[in-house]
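Presented below is the structure to which this report refers.
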Amino acid sequence: MFISALDLFKVGIGPSSSHTMGPMVAAAAFRRSISRHVSRGDLTLAVGSSLRVILKGSLAWTGKGHATDRAVVLGLNGYSPRGLIGEDVNALMGDLWQRMRIETDDWSLGFAPPDDVVFDRGEPLPEHPNGMVFHVVSGDLVLHERIYFSIGGGFITGEEDIDEIEAPLAMEEAEGFPYPFESGKDMLVMSRKSGLSIAGMKRENEHRHHGDMELNRGLDEIWSVMKACVENGLGAEGTLPGGLNVRRRAKQLVGELRAGKGRISMNDWLCAYAMAVNEENAAGHMVVTAPTNGAAGVIPAVLYWMVEHENLDRNGIHDFLLTAAAIGGLIKHRSSISGAEVGCQGEVGSASAMAAAGLCAVLGGTVDQVENAAEIALEHHLGLTCDPVAGLVQVPCIERNGFGAIKAFTAASLALRGSGHHIMTLDACISAMKQTGEEMSHKFKETSLGGLAVSITEC
């Protein structure tokens, strides 16, 4: 399998990669599908035809809190997550919500979002918990239908491909890449034989699609956006949207740290940096899927600490990101990063493993120590549920990213003090995460039907 670091780390907007970015991408794909069929002449739109979107499974249960309906409206109007960076999305939505139609140069269809985006809390589609059914209808007659699945990290797939996707996630076959490792064991063997680091092998694989200059430019952009997310969050105040009245805390936290108030540790800085990113995500602002929006603060927090406090240089940043991407690719391939599939162990747990590996690598760890660091971080997130209060990516998600960053540092430190030999391998740990996710109740997989989501006390 192969997935590029430039695809794994995607620039977009919050609050959710699977519930916001994925549905927006799917809606835009359906818009293009209509245009193709109209242009070919195999779809005739009768007068009065309209659009209908049915959200299934986890998208139905927590879609309101994740702005899924807003994302669908934006995608049907041709917007992309990346294209919305810098836009006043609330003002844009105010206009789009009132239009009552979706129009292109070639076709026009009725579409009233309050009525035509349906949150269907019945049985989910059997293939995946994040299903979306898009219809063009004329009365009771369905003229055109497409089914999409949001499979984590902002990726989508269609109904025709879902059974052939591993994890599920569309990836390239490993054949043809110079270092086609599909497991942690393969990764270690290939590194020892080649003498290359994990980042070195990942870079060579990337060269099949990206020249060195293009790859470096892409990694620079990823880090630039991550850095901006941290700093934007550290400078913002106020209450986050959604109705829980969660106040931003990152600015106050970092202010107290900079002023030297109280006992200060590295953990305090990591929490401030991670929470800054996830407060930005909760506000619907720019973030990088790392590997998801819900876990977007872990990797930037660890990397920001290394750059700002330890003077990590550009080459080190690139090695960190490439190593993290290699570990993220293994987890995607062998299990999942989707909270709707395996709970938060697949989101913050994966992000922590990726960050631990990247950190261990730039601190001089051997390939065995890097693999060990990833395993330690993931192991100590096993069983972590995804039970967001009110369906919002706020409680416990914002603080949880801080703890994910702390665990990543702890895992890297433990691995660096060891020989690299350990009982539980990364492959075994990923397998355990997959099995745990499969056996976990749907109440704890981004539906807000259990755990903290139903335990909050109203005063």
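The numbers here are math on the coordinates, done by the rules we state, and not lab data. Worth saying up front: this structure is predicted, and the values here are computed from it rather than measured. Heads up, the Cβs are rebuilt from the backbone with ideal geometry, glycines too, and the neighbour counts pull from every protein chain shown.
Just add up the charged neighbours of S39: K/R +1, D/E -1, any other residue whose Cβ is under 11 Å from the Cβ of S39.
Details: positive: R32, R36, R40; negative: D42, D105, D106.
Residues near S39 contribute 0 overall.
Suppose the chain between A236 and Q98 were pulled fully straight at 0.36 nm per residue; how much longer would it get relative to their current alpha carbon spacing? Working shown, then result.
On the way: separation 138, 0.36 × 138 = 49.68 nm, distance 3.01 nm.
So the extension gain works out to 46.7 nm.
Residue-wise, which Karplus ³J(HN,Hα) couplings in Hz belong to the range 289-297, taking 6.51 cos²θ - 1.76 cosθ + 1.60, θ = phi - 60°, and x for glycine or proline?
Those phi angles translate into 5, 9, x, 10, 5, x, 10, 5, x Hz.
Would you calculate the volume per residue, in Å³, of the smallest convex hull containing every Cα atom of the range 184-455? All intermediate terms of the calculation are to be shown ahead of the outcome.
On the way: hull volume 34.3 nm³, N = 272.
Considering the Cα atoms of the range 184-455, their hull volume per residue is 126 Å³.
List, in order, the whole-Hz ³J(HN,Hα) value for each residue of the range 327-334 obtained from phi through the Karplus relation with A = 6.51, B = -1.76, C = 1.60 and θ = phi - 60°; use x for Gly and Pro.
Once rounded to whole Hz, the list reads 5, x, x, 5, 5, 4, 5, 9.
Let me check against my output: what whole-number percent is the relative contact order of the chain, with C-alpha pairs under 8 Å and at least 6 apart? Provide the component values of the computation, followed by the final result.
Details: 945 pairs, mean separation 86.3, N = 459.
So the answer I get is 19 percent.
What does the net charge come to around V230 if you take all other residues with beta carbon closer than 11 Å to its beta carbon, with K and R at +1 and D and E at -1? Walk me through the numbers before you get to the answer.
Working: positive: K227; negative: E231, E279, E280, E308.
Taking every other residue near V230 into account, the sum is -3.
Give the long-range amide H neighbours of A295: residues separated by 5 or more places, or on another chain, with amide H under 5 Å away, using H modelled in the peptide plane at 1.01 Å from N.
Result for A295 returns A290.
Can you give me the Cα centroid spacing of the range 220-238 and the range 341-393 in angstrom?
Distance between centres, Cα-based: 21 Å.
Relative contact order for the range 16-164 using alpha-carbon pairs under 8 Å, separation at least 6, rounded to a whole percent? Please list the in-between numbers first.
Numbers: 268 pairs, mean separation 55.6, N = 149.
Computed over the range 16-164, the figure is 37 percent.
For the range 1-148, give me the percentage of DSSP beta bridges that are antiparallel, rounded to the nearest 5 percent. Show your work: numbers first, answer last.
Details: 16 of 21 bridges.
Percent antiparallel among DSSP bridges in the range 1-148 is about 75.
Write out the trypsin sites (Lys or Arg not before Pro) in the range 235-288 meeting two conditions: DSSP loop, and at most 15 other Cβ atoms within 10 Å of their Cβ. Display every interim value, and only then the final one.
Working: sites: R247, R248, R249, K251, R258, K261, R263; in loops: R248, R249, K261, R263.
Sites meeting the loop and neighbour criteria: K261, R263.
Quick one: Cα centre-to-centre distance for the range 53-108 and the range 259-308, in angstrom?
Answer, in whole Å: 28.
Taking only DSSP H segments of four or more residues, each worth -39500 (n - 2.57), what value at 222 nm results for the chain once the sum is divided by all its residues, to the nearest 500 deg cm²/dmol? Let's see the in-between values first.
Numbers: 19 runs with 225 residues, N = 459.
Value at 222 nm, helices only, nearest 500: -15000 deg cm²/dmol.
Based on DSSP loop calls and a cut-off of at most 10 other Cβ atoms within 10 Å, the longest stretch of the chain free of exposed GluC sites (Glu not before Pro) is what? Mind showing how you got there, number by number?
On the way: sites that count: E160, E173, E175, E458.
That would be 176-457.
Please list, in chain and number order, the residues 5+ apart from I3 or on another chain whose amide H is under 5 Å from its amide H, with Hs placed from the backbone.
Long-range HN contacts for I3: none found.
Using a 10 Å cut-off around each Cβ, can you sort W97, W61, W223 from fewest to most neighbouring Cβ atoms? List each step's numbers first, then the result.
Working: W97 14, W61 26, W223 21.
Taking fewest neighbouring Cβ atoms as first place, the list is W97, W223, W61.
Counting Lys +1, Arg +1, Asp -1, Glu -1, what net charge surrounds L322 among other residues with beta carbon under 11 Å of its beta carbon? Write out the running numbers ahead of the final one.
Numbers: positive: K202, R203; negative: E204, E206, D319.
Net charge in that neighbourhood comes out at -1.
Return the long-range amide H neighbours of I156 (sequence gap of 5 or more, or a different chain), with a cut-off of under 5 Å between placed amide H atoms.
Under 5 Å from the amide H of I156: I151.
Checking the table K64/K261; K10/K251; K185/K227; K185/K407; K227/K407; K64/K407 against a 28 Å threshold on Cα-Cα, which pairs fail?
Working: K64/K261 39 Å; K10/K251 25 Å; K185/K227 33 Å; K185/K407 23 Å; K227/K407 20 Å; K64/K407 31 Å.
As for pairs spanning more than 28 Å Cα to Cα, those are K64/K261; K185/K227; K64/K407.
Per residue, how big is the convex hull around the C-alpha atoms of the range 16-164? Give it to me in cubic angstrom, could you? Before the final figure, lay out each step's value.
Working: hull volume 17.2 nm³, N = 149.
Spread over its residues, the Cα hull of the range 16-164 gives 115 Å³ apiece.
What trypsin sites (Lys or Arg not before Pro) in the range 376-459 are in a loop by DSSP, with at most 10 other Cβ atoms within 10 Å of the Cβ?
Answer by residue number: R417.
Can you work out ³J(HN,Hα) from phi for every residue in the range 365-382, in order, using Karplus 6.51 cos²θ - 1.76 cosθ + 1.60 and θ = phi - 60°, giving whole Hz and x for Gly and Pro?
For the range 365-382, the Karplus curve yields x, 6, 4, 5, 5, 5, 4, 5, 4, 4, 5, 4, 5, 5, 4, 8, 10, 4 Hz.
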